[in-house]
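Participant: First the structure, then my questions, so here it is.
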Amino acid sequence: MAIIKVQKGTKDILPSEMSVWHFMEEKANEIFTKYGAKEIRTPIFEATELFARGVGDTTDIVNKEMYTFEKSERSLTLRPENTAGVVRSFIENGMHRLSAPVKLWYKGPMFRYERPQAGRQRQFHQVGIEVFGIKQATCDAEVILMAVNYLKALGLNDLSVELNSLGCPTCREEFKTKLKAVIKPYLNDLCPDCQARFEKNPLRLLDCKVEECKEIYAKPEIQEVIQSDFICEDCANHFNELKKYLNELNINYSINKLLVRGLDYYNRTVFEIKSNNLGSQNAVCGGGRYDSLIKNLGGEDTPAVGFAMGMERLASLIGEKQDNRTTAFVVSNDSLEAIKLAEELRQEGISCEFDLTNKKFTKQLEKASKVAKYALILGEDEIKSNQVTVKNLDTSEQKTVSREFAKNLFS
Ligand code: HAM
C-alpha cells in the first residue's frame, strides 16, 4: 500500500531536533519576561477578513498565500502571521485599558502557501513580540534590543540589522507619487507582479527580486528618488531619535532604503535582521511600527511596534549544538533494583532510563553509551553495599559511590 507522506512545504520536528526547539522557546520566555512581556496564545485560524483588512489586500500574503476555507458559510483562514491575531485579541479583550505599554510575546505555527525552498516552508513557526501603547522611538529601540538580545542568548552573533523609515501616510503618499512618475516610462518592461504593484502598492516595487526589474530600479533617476529623504520632519525626528538610541546601545545597523516589508500595516520604523549563513531566505527577523492597525481593525487609536522571527531559520543556525541525551542510564541484571534506582533519580529531577527488556549486561552498557551521559552500574556487589558505580560515558572515568552521593552528582 502506498505510504502517506508529509505535505510539501511542511516538516516533522523530530525528537532529535526537539532540544533545539525547547532551547528557543525557553530562551524566548526568559529574555522577553525580563522586558516585562507576557505570553499570549491566539487561535491558529481566524476570520479571513482579519487578514484582508489587517495585513492588507494588496499584499502577496493575502492575494496568493492564504490557506482559506469555508465552514458554516464563514470564510476562515489559517493565520499567515500573528500580528493581526494579537491585535484582534488586544481589541476584543479591552487591553487598551491596561497600563501602557502592553507587551505581548508569542510562539507558534503560521501558514503561507508559498513555493517551498530552503528556509521557506508552507507551515513554519514564529516567535514574536507586539508592544502596544507607546509612540516614542524609545519603544522601537527597546523592541530592536529585545530581538538582538534574544538572538545573542541563542548564541547567534553573525547577524546584521537593517533599518528604514517608511514615514507616515502623508509623507509616504508624496513619495509614492514621485516614485510612480519616475518609473512610469518603464512600466511595460516591468514583470507582471510589478505592473500590478505599480497602481496598488508602489512601495513594494522596491523589493522585487526579478533581475530585469532590479536593473530598471538601479537607474540613476530612479535611485535619486529612492535614496531621497522623503520623510517629513516629525517622522525624521522619530527616526533620528531611534538611531541615537541604537548608537548609544552599541547596536550595529545599516540603513536600507529598499527595505519596505511585505505587509501593509507599517509606518515609520521597519527593520529586518539577516544572517550571512543562510541562503536566499536570509531574514531571521522582520518587524516594525504599525500605528494605524489597531484603529483600522476597530480598536482605540493605539500606537504599536513589534517583530517576528522564523524559528526554522533560527534552528538551522543554532544547529545540533544541544546535547539531547538522557542524563543517566541504569545498567543492571536486576531489573527490580534498576527500576527503583531510576525512579529515585527521577524523583530528584534527573532524567534517567534503564533497560526494559533485561538484555545482557554488555548490551545494556552499549545502549547506555548511545542514549545517556552517565551509566549507573548496579552489579551484585553494588546492590549488597547500597552503592552504585557511576561511569562517565564521554571520558570512561568511573567511580563507586553511595546511592545518595550518586544522586547529588547530577543535581
Ligand atoms: P514577516 O517578515 O512576514 O513578518 O515574517 C517574519 C519572519 O518569519 C521572517 O523574517 C522569517 O524569518 C519567517 N518567515 C516568514 N515566512 C516564512 C516561511 N514561509 N518559511 C519560513 N520562515 C518564514 C511578519 O510576519 C510580521 N507579523 C512581523 C511583525 C510583528 N511586525 C510587527 N510585529
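Participant: What do you reckon, is Gly85 over 15 Å from Phe45 (Cα atoms), small (Gly, Ala, Ser) and either open to solvent by less than 10 Å² (accessible area, probe 1.4 Å) or away from the ligand (no atom under 14 Å from the Cβ) (or both)?
Facilitator: no
Participant: If you check every pair at least six apart or on different chains, which have Cβ atoms under 7 Å apart with a residue in segment 288-315 that is over 18 Å from Asn149 (Cβ atoms) and more than 8 Å from the ligand (Cβ to nearest atom) first and a residue that is part of a loop (DSSP other than H, G, I, E, B) and among the polar types (S, T, N, Q) second?
Facilitator: Ile294/Thr302
Participant: Kindly indicate the residue of segment 244-274 that is more than 16 Å from the ligand (Cβ to nearest atom) and among the β-branched types (Val, Ile, Thr) and also most open to solvent (accessible area, probe 1.4 Å) among those meeting that condition.
Facilitator: The qualifying residue most open to solvent (accessible area, probe 1.4 Å) is Ile255.
Participant: Can you confirm whether Asp323 is surrounded by fewer than 22 Cβ atoms within 10 Å (Cβ to Cβ) and more than 14 Å from the ligand (Cβ to nearest atom)?
Facilitator: The answer is yes for Asp323.
Matching residues to (1) farther than 25 Å from Leu78 by Cβ; (2) open to solvent by 20 Å² or more (accessible area, probe 1.4 Å):
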residue: Met1; (1), (2): yes, yes
residue: Glu17; (1), (2): no, yes
residue: Met24; (1), (2): no, no
residue: Asp57; (1), (2): no, yes
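Participant: Follow-up. What is the number of the single condition among (1) open to solvent by 60 Å² or more (accessible area, probe 1.4 Å); (2) aromatic (Phe, Trp, Tyr); (3) touching a residue at least 60 places away in the same chain (Cβ under 8 Å) that Phe410 does not meet?
Facilitator: (1)
Participant: Among the residues that make up segment 354-372, is at least one of them touching a residue at least 40 places away in the same chain (Cβ under 8 Å), closer than 19 Å to Lys399 by Cα and crowded, with 18+ Cβ neighbours inside 10 Å?
Facilitator: Among the residues of segment 354-372, at least one is touching a residue at least 40 places away in the same chain (Cβ under 8 Å), closer than 19 Å to Lys399 by Cα and crowded, with 18+ Cβ neighbours inside 10 Å, which makes the answer yes.
Participant: Looking only at segment 4-41, which residues are of a type in the set (A, V, I, L, M), under 21 Å from Gln121 (Cβ atoms) and more than 14 Å from the chain's Cα centre (by Cα)?
Facilitator: Of everything in segment 4-41, those that are of a type in the set (A, V, I, L, M), under 21 Å from Gln121 (Cβ atoms) and more than 14 Å from the chain's Cα centre (by Cα) turn out to be Ile4, Val6, Ile13, Leu14, Met18.
Participant: The conditions are (1) part of a loop (DSSP other than H, G, I, E, B); (2) farther than 17 Å from Gly54 by Cβ; (3) under 15 Å from the mean Cα position of the chain (by Cα); (4) not β-branched (Val, Ile, Thr), and Ser99 fails exactly one of them. Which is it?
Facilitator: Looking at each condition in turn, Ser99 falls short on (3).
Participant: If you check Glu92, Glu73, Glu114, Glu49, which single one turns out to be in the same structural domain as Gly306 (by TED's automatic domain parsing) and within 14 Å of the ligand (Cβ to nearest atom)?
Facilitator: Testing whether each residue is in the same structural domain as Gly306 (by TED's automatic domain parsing) and within 14 Å of the ligand (Cβ to nearest atom) leaves just Glu114.
Participant: While we're here: Output the residue which, of all residues in segment 59-74 that are in a helix (DSSP H, G or I) and open to solvent by 20 Å² or more (accessible area, probe 1.4 Å), is nearest to Arg204 (Cα to Cα).
Facilitator: Asp60
Participant: If we scan segment 288-309, do we find a residue that is modelled with pLDDT under 95 and in contact with a Gly (Cβ under 9 Å, 6 or more places away or on another chain)?
Facilitator: Within segment 288-309 (the criterion being modelled with pLDDT under 95 and in contact with a Gly (Cβ under 9 Å, 6 or more places away or on another chain)), the answer is no, since none of the residues qualifies.
Participant: Confirm whether Leu259 is hydrophobic (A, V, I, L, M, F, W, C) and outside the structural domain of Gln281 (by TED's automatic domain parsing).
Facilitator: No.
Participant: Moving on. Do we have Asn282 as at pLDDT 95 or above and polar (S, T, N, Q) here?
Facilitator: No.
Participant: For Thr77, only one of the following conditions fails: (1) within 23 Å of Arg115 (Cα to Cα); (2) surrounded by fewer than 18 Cβ atoms within 10 Å (Cβ to Cβ). What is its number?
Facilitator: Unmet condition: (2).
Results for (1) modelled with pLDDT under 95; (2) open to solvent by 10 Å² or more (accessible area, probe 1.4 Å), shown as yes or no for each residue.
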{"site": "Met95", "(1), (2)": "no, yes"}
{"site": "Leu98", "(1), (2)": "no, yes"}
{"site": "Tyr106", "(1), (2)": "no, no"}
{"site": "Met110", "(1), (2)": "no, no"}
{"site": "Ala118", "(1), (2)": "yes, yes"}
{"site": "Arg122", "(1), (2)": "no, yes"}
{"site": "Gly128", "(1), (2)": "no, no"}
{"site": "Ile134", "(1), (2)": "no, yes"}
{"site": "Val143", "(1), (2)": "no, no"}
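Participant: Here are Leu317, Leu341: which of them is surrounded by 14 or more Cβ atoms within 10 Å (Cβ to Cβ), under 30 Å from Gln281 (Cβ atoms) and at pLDDT below 95?
Facilitator: Leu317
Participant: Looking at this structure, is Gly36 open to solvent by less than 20 Å² (accessible area, probe 1.4 Å) and either without any contact (Cβ under 8 Å) to a residue 24 or more places away in the chain or assigned by TED's automatic domain parsing to the domain that holds Arg313 (or both)?
Facilitator: no
Participant: Right, Gly306: in a strand (DSSP E or B) and in the same structural domain as Asn164 (by TED's automatic domain parsing) or not?
Facilitator: For Gly306, the condition - in a strand (DSSP E or B) and in the same structural domain as Asn164 (by TED's automatic domain parsing) - is met.
The values are calculated or read from the model by the stated rules, or taken from the named source; none is laboratory data. This is a predicted model, so every value here is computed, not measured. For neighbour counting, all protein chains shown are included, and Cβ atoms are generated from backbone atoms with ideal geometry for every residue, glycine included. Protein only, heavy atoms only, side chains kept; ligands, DNA and RNA dropped before computing areas. Shrake-Rupley method; radii C 1.70, N 1.55, O 1.52, S 1.80 Å.
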